[in-house]
Every structure is written in structure tokens, then in C-alpha cells.
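Below is one structure, written out as C-alpha cells; comments come after it.
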């Protein structure tokens with residue numbers, strides 16, 4: 001059984017705004033991130049992703065619930081595990097009047113990382129040569145790279161990245177995604193919080209989807225996508241109207257789309273073929289329609305919004 | 001210790017802090033220069049200038065008219081029994097009228113420029129303390145730092161140590177340089193300073209350095225509490241200035257002992273005695289002649305307790321609060 005790097009049980013965060021409004025940002029969230037690979041953390045804006053990450057990292061106090069990193073309860077034992085964790089939370093945050101190198105050096109020295117570690121981190125994110133410029137003069141992409149370089153200083157076993165490709169140009173996005181994939185393959189556990197679904201589908205092995213502060217689904221990306229899309233078949237026949245009537249009469253849900261039929265039901269492809277052939281309706285196209293992560297995400301978060309509204 | 005050294009580097013590297021320290025050095029230089037200049041010995045050129053001025057005064061129409069008027073009615077000018085000779089004696093300008101200049105007396109410098117410099121230095125260190133902490137909150141880099149060292153008390157204490165050490169060392173260097181310049185000037189002019197005065201200067205400078213360090217530390221603690229540089233400076237100076245005015249307006253006899261200004265003065269000057277100027281005193285009719293004394297120990301206790309209350313509140317809140 002593989003180790004679970006991040007665990008959260010019944011995690012809850014409530015707070016009051018300055019105007020006295022009571023907000024529940026995270027409610028009874030359970031989360032488990034296995035060791036190794038890239039784990040996506042998906043949810044619409046305001047769903048509680050960043051708050052959850054901030055609680056895991058000790059930047060915000062949980063109102064209720066248990067959290068563990070590498071099996072150690074946090075925030076109590078955070079100092080014992082923090083050297084194994086690198087994180088970027090929301091936007092990069094550095095001292096604007098210091099150079100990129102100075103910012104990194106101060107962080108490195110605070111955990112006893114020698115200056116060669118700073119050189120290596122800067123080199124890895126492609127900031128060598130620009131490292132002595134002031135941080136406030138950096139583009140958003142350079143700031144993002146510096147933040148990622150900071151996470152690499154500790155040579156972490158767990159990397160928590162909150163929207164890491166924000167502000168990067170296409171080449172930068174590709175580089176960072178390649179780096180995340182490479183880190184995941186090399187044994188580092190990466191928790192990637194992102195609103196870019198294609199990015200998560202491309203990069204992540206597993207995913208947790210949250211909405212309204214609750215966990216909606218979790219598992220391997222392929223399993224989630226498969227579970228929500230495998231039952232739909234795209235059927236091409238010469239007489240779609242007759243085929244639709246016949247399939248509906250046999251318990252299938254059928255919708256018409258551009259001269260094709262989308263057939264939902266418990267049966268397999270051979271049963272659909274047999275049914276239609278019996279009526280001399282011969283299939284010239286029969287393909288399973290696989291949902292992508294976006295459709296799964298939209299379906300889940302729509303359901304969550306509806307149920308939250310009902311409550 | 002590693003974290004303290006990192007914070008000291010951060011302290012040294014901040015441009016705003018470097019500029020404030022430069023301002024402190026320039027201020028001390030200005031104080032030293034004006035003190036030395038205003039007490040410079042009279043030289044031949046000064047005497048020649050004074051004699052020339054006397055010549056100009058004596059040849060002026062105004063002087064001649066006044067002298068003639070006086071000689072006609074000397075009693076109108078110099079009182080009963082005055083003679084015309086008295087007019088010439090009292091009205092004729094003399095070079096020494098233009099050569100009056102104070103001597104460099106280090107005990108006087110201690111009570112005037114010395115105290116003024118320390119108070120201004122402490123004010124600068126207050127701003128340094130608040131900007132040091134305020135920059136971490138304003139840039140959001142505090143959360144980044146806590147991702148590397150999550151023990152918040154340790155982070156708070158390391159930053160506090162850096163602020164206190166940085167402000168204390170800078171103040172010690174500046175005050176030492178100021179007093180060294182004063183002693184050298186006195187030495188060059190052949191002015192001797194007694195051992196008791198020297199000891200008083202040393203003690204006052206030491207207390208001034210501590211005040212600057214404590215001021216920076218208090219400002220740092222308050223900024224960590226309020227998370228806002230400008231807000232902290234406003235609270236700090238409102239407490240120091242408006243607080244003093246409010247205390248003075250309270251109808252309680254001897255309430256001035258709770259004023260921050262009086263306690264700072266007591267700390268710097270080894271005790272401070274002042275007239276009770278409360279409303280209650282004024283209502284009694286006439287001027288208040290009751291003196292209130294704040295001792296060095298009372299001043300130290302007042303400042304120490306104030307610092308401790310702010311520091312403990314700041315540390316406890318920092319350990320518990322959510323970090324943006």
C-alpha cells in the first residue's frame with residue numbers, strides 16, 4: 001500500500017468578514033493525496049482550494065478537522081515536515097526591492113541551504129542572468145518562475161503549487177508543465193491546484209474535485225473520466241429517426257446530434273448493434289463517447305451548486 | 001541564531017532602512033557641526049569684524065542723534081541723577097557686544113543638543129522598526145518566510161532581535177561619533193571636562209542607545225500587531241503626543257507622571273521634576289507650585305511595562321492569526 005502524503009479529514013474553515021458576514025470556506029473536506037505522481041486539485045473559484053492549501057501549510061488555522069502531512073499531524077508537527085515541502089500559494093510573494101537572488105538567498109539561508117542550491121534553483125527555472133535584477137521589475141512570468149525556484153530550494157518530497165502557470169507565456173507554461181511531470185515521475189509528490197482543466201488532464205495522474213468547500217470526487221483521472229462517459233455511444237445509421245424510436249422502446253436514452261445518435265444506457269455496443277440489425281437498421285458508425293475532464297468537472301460542480309442551493 | 005543572522009541581513013539590505021540610517025547620521029553631523037560652530041573661540045578676524053561694526057554704528061546718523069538727545073536729557077534715558085557722560089558710557093557701542101559667544105561646555109551640550117539628538121534618533125529608530133515589519137506584511141513575503149520556518153514565535157523573536165540589535169548598534173555608533181566629535185573639539189580648545197560630567201555623558205548616551213533600541217522594538221511589535229506601517233506610526237505618535245495632551249487635561253493631581261514624554265525624559269536625564277499642570281491644579285487658583293518627580297526607575301518601569309504589553313500581545317496574536 002502506498003503512503004498517503006496529504007490527508008485531511010472533516011476539515012472546516014469558518015471566518016467572519018470585516019462586515020460581520022459569516023463565511024464557511026471549507027466544510028468537512030476529506031482529502032487524500034498518495035505519494036508520488038502529480039495530483040490535481042480542482043474546483044471553481046471560491047471553492048476553498050487555496051484555503052485548504054493554506055491550512056495544510058499552517059498559514060491559516062482550521063476551525064475543525066484533522067490534517068496530516070507525511071503522516072504527521074499538522075500544524076502541530078509542521079516544523080518536522082516543512083523541510084520536505086515546497087509550496088507556492090496564490091501569487092508569488094517576495095520583497096520587491098530585493099533582487100531575485102537576494103530573495104532566494106535569504107530563504108535558503110533560513111533553512112541552511114548553501115548558495116549553490118540557489119544557483120541550481122535559479123538555473124532550473126531559467127532565471128540565471130536575470131537573478132540580480134530587482135524583483136519588482138520582473139514580469140509576472142519571471143515572478144512565477146522565482147516562486148517555483150524557491151520551492152525547489154529545499155529539494156522537496158512534496159510540492160504544492162497553486163496556479164503555477166499563471167502569467168506565463170506558452171513556452172513558459174510548457175516548461176513548467178514538463179518540469180511538474182518530470183518531478184512527479186522522479187518520485188516527488190506534486191499537488192497541483194489549477195483552474196485550467198486541460199492542464200490537469202495533461203499533467204495529473206489523479207485528481208480531487210471540490211465545490212463549495214466539499215470534496216465532490218477523487219481518483220485517477222482516467223477512472224473519473226471513464227466513470228462519467230463510458231456509457232454513452234455515438235451511433236451512425238441511415239435512418240436515425242427509426243433507430244431512435246426502436247432504441248428508446250428498448251430502454252435507452254437517445255439524443256440526436258448532427259445526424260448521429262447519442263445513446264445512453266446500460267447495454268454494450270454489441271447489444272445496440274444486435275437490436276438495430278434486427279430491424280434492418282445497419283450501423284455504419286459506433287464509437288464510445290469519452291467525456292473529458294472538463295465535462296466531468298462541470299457536471300460535478302453544477303450538481304454541487306444545485307445541492308448547496310437546495311440546502 | 002541562523003534566523004537572527006538572516007533577519008539582520010534583511011535589516012541591512014532594506015533600502016528604506018539604509019536611507020533612515022543615513023538621515024540619522026546627517027542629523028547627528030548637523031547637531032555636532034552647529035554645536036561646534038556656535039561655540040567656536042573668538043579669533044582676530046571676529047575682533048576685526050566687531051571693531052568695524054562698532055565704527056559703522058558710531059558713524060551712523062541714528063547713533064549720533066540718539067547720543068545728542070541723551071546728552072540733552074540724560075535722566076530720560078538713564079534715570080534720575082544721570083549725566084551726559086553716562087550717555088556716552090552706556091550708548092557707545094563696544095566690540096565685545098558683537099563678540100558674545102558661548103563656550104563649549106559638554107555638560108550643557110548633554111542637556112541640550114545631546115538630549116535633542118537622542119530623541120530624534122529614537123524617532124528615526126521607531127520608523128525603522130515599523131518599516132522593517134511593515135514591508136513583510138505589505139509585500140506578502142511573511143507567508144513565504146513561514147513556508148520555510150513555520151515556528152512563528154521563532155520568526156517573531158528573530159526579527160525582534162534583528163531590529164533591536166540593528167537599531168541599538170546604529171544608535172551606539174552615531175552617538176559615540178557625536179560625543180567623540182564633542183570631546184575632540186573640547187580637547188582642541190583646551191577645555192577640560194570633569195570626571196563626573198564625563199560619567200553623566202556616558203550614562204546618558206547609554207540610556208539614549210537603549211531608548212532607541214526599545215523604540216525600534218516597540219514599533220516593530222506594534223507593526224506585527226497592526227500589520228500596517230502608516231497605521232503603526234500614527235498610533236505611536238498619537239500615543240506619544242495626543243496621549244500626553246489628554247493626560248495633561250485629566251483632573252487628577254500629579255497625572256503627568258503617566259505621560260510618555262515625562263517618563264522618557266526621566267529615563268534619559270536620570271529623573272525628571274516638573275510642575276503639576278493638571279486642570280485640578282489650575283482650578284485651585286494661580287500658578288501650580290507643586291512639583292512632581294518621576295525617577296529613573298519609574299521611567300524605566302513605565303517604558304518597560306509598555307513595551308512588554310505590546311510585545312506579548314503582538315507575539316500571541318502573530319502565533320494564532322491567519323497570514324495573508
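The values are calculated or read from the model by the stated rules, or taken from the named source; none is laboratory data. Predicted model only: the values in this text are computed from it and were never measured. Don't worry about glycine lacking a Cβ; one is built from the backbone with ideal geometry, like all the others, and counts go over all protein chains shown.
Annotation: residue B:205 fulfils all but one of (1) part of a helix (DSSP H, G or I); (2) more than 13 Å from residue B:118 (Cβ to Cβ); (3) at pLDDT 90 or above; the unmet one is (2).
Tell me the residue from A:192, A:161 that is crowded, with 21+ Cβ neighbours inside 10 Å and more than 14 Å from chain B (Cβ to nearest Cβ), please.
Exactly one of A:192, A:161 is crowded, with 21+ Cβ neighbours inside 10 Å and more than 14 Å from chain B (Cβ to nearest Cβ), namely A:192.
Take the residues in the range A:280-306 that are surrounded by 14 or more Cβ atoms within 10 Å (Cβ to Cβ) and modelled with pLDDT of 80 or more; name whichever of them is nearest to residue A:42 (Cα to Cα). Here the residue is A:286.
Please indicate, with yes or no, whether at least one residue in the range A:114-132 is farther than 30 Å from residue A:27 by Cα, assigned to a loop (DSSP other than H, G, I, E, B) and touching a residue at least 60 places away in the same chain (Cβ under 8 Å).
no
For the range B:130-182, a residue qualifies if it is buried (at least 18 other Cβ atoms within 10 Å of the Cβ), within 18 Å of the chain's Cα centre (by Cα) and closer than 20 Å to residue B:212 by Cα, and the qualifying residues are B:167, B:168, B:170, B:171, B:174, B:175, B:178, B:179. For the range B:261-279, state whether one or more residues are more than 14 Å from chain A (Cβ to nearest Cβ), in a helix (DSSP H, G or I) and farther than 26 Å from residue B:115 by Cα. Yes; the residues of the range B:261-279 include at least one that is more than 14 Å from chain A (Cβ to nearest Cβ), in a helix (DSSP H, G or I) and farther than 26 Å from residue B:115 by Cα.
Each residue in the range A:261-275 was checked for being out of contact with any helix residue (DSSP H, G or I) (no Cβ under 7 Å at 6 or more places or on another chain) and in a strand (DSSP E or B), and 2 of them qualify. With respect to (1) part of a loop (DSSP other than H, G, I, E, B); (2) in contact with a helix residue (DSSP H, G or I) (Cβ under 8 Å, 6 or more places away or on another chain), the lone exception for residue A:161 is condition (1).
Applying the criterion of at least 2 residues that are under 20 Å from residue A:4 (Cα atoms) and within 16 Å of the chain's Cα centre (by Cα) to the strands (runs of 3 or more DSSP E) found wholly in the range A:26-113 leaves A:37-42. Residue selection: residue B:76 satisfies the criterion of being exposed (fewer than 12 other Cβ atoms within 10 Å of the Cβ) and in contact with a helix residue (DSSP H, G or I) (Cβ under 8 Å, 6 or more places away or on another chain). For residue B:127, the criteria (1) more than 30 Å from residue B:198 (Cα to Cα); (2) assigned by TED's automatic domain parsing to the domain that holds residue B:209; (3) surrounded by fewer than 19 Cβ atoms within 10 Å (Cβ to Cβ) hold in every case but one, which is (3). Applying the criterion of at least 3 residues that are within 27 Å of residue B:114 (Cβ to Cβ) and modelled with pLDDT of 90 or more to the helices (runs of 4 or more DSSP H) found wholly in the range B:2-97 leaves B:15-38. Scanning the range A:122-145 for residues that are surrounded by 17 or more Cβ atoms within 10 Å (Cβ to Cβ) and farther than 30 Å from residue A:45 by Cβ gives A:122, A:130, A:131.
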